[in-house]
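These notes concern the structure reproduced below.
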Amino acid sequence: MTDRTAFQPADVVAGPSLRDTLRSATRSAHQTLDDAMAALDMASTRDLCTFLSFQHMARAGIEAWLASHAPTGEMPPPQLPLIARDLVALGANPPALAPAFVPRASDDGLDSEWLGVAYVVAGSHLGNRAILAQLGAAAPATARRFLSGEAMAGYWRKLRLRIGQPAETPADMLAQASAVRGAQAAFAHFSACATMLDLLPAGVAA
């Protein structure tokens, strides 16, 4: 009798999910920025304004880029209006400086970079919520819009499902590489803005 198992295709071994790949590829950069933010005393109005100014400066260019490159309906919720209102509530003005975000050009024809950028800006809300929880009652009641980020939290839940699927085809692998480039470019942009505000020493790459 013929052994039918000899004609069955080999099991396809799925690769890591895009979320796992992005986390691994950006772990060092993420830690560098986390350490820089940890040096700020968020209970201090001055340091909280510095943090919000940094976020506004960095996200301005990224949000402008996402508006042109993210598919319709897929862009993360804009955070600039929330940050600006929080700064004003603290007696400060949003920074005028807003460096452009220009990821390195790629010739692979893929357009998944936006997913990596969205991962960076949406995933950062977890750190914001941690800051808010740490501050507790010390957090200014009129300057919690950005840190609480309800809209971003909802977006992150949806994005997490999208990037949580394993890579199963060569096309999936190429799309992951494209998204990683976007995420790394976003972290480099945040790092450059942190350096401009002396939150990171010059020459420290995120």
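Summary table below
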item: Criterion violated by Ser112 - all others in (1) surrounded by 14 or more Cβ atoms within 10 Å (Cβ to Cβ); (2) modelled with pLDDT of 95 or more satisfied; result: (2)
item: Filter pass, Ala188 being in contact with a Lys or Arg (Cβ under 8 Å, 6 or more places away or on another chain) and surrounded by fewer than 20 Cβ atoms within 10 Å (Cβ to Cβ); result: no
item: Close pairs from region 57-76: first aromatic (Phe, Trp, Tyr), partner outside any loop (DSSP other than H, G, I, E, B) and crowded, with 17+ Cβ neighbours inside 10 Å, Cβ under 8 Å, at least 6 apart; result: Trp65/Val117
item: Selection count, region 30-46, where residues are among the β-branched types (Val, Ile, Thr) and in contact with an Asp or Glu (Cβ under 9 Å, 6 or more places away or on another chain); result: 0
item: Matching option when the condition is part of a helix (DSSP H, G or I), surrounded by fewer than 11 Cβ atoms within 10 Å (Cβ to Cβ) and either in contact with a Lys or Arg (Cβ under 7 Å, 6 or more places away or on another chain) or modelled with pLDDT of 95 or more (or both), among Arg23, Arg27, Arg59; result: Arg27
item: Qualifying residues in region 163-172 (those that are surrounded by 15 or more Cβ atoms within 10 Å (Cβ to Cβ) and closer than 13 Å to Ser112 by Cα) - the one modelled with the highest pLDDT; result: Ile163
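The values are calculated or read from the model by the stated rules, or taken from the named source; none is laboratory data. Because the structure is predicted, anything quoted here is derived from the model rather than measured. FYI the Cβ positions are ideal-geometry reconstructions off the backbone, even for glycines, and counts take in every protein chain you see.
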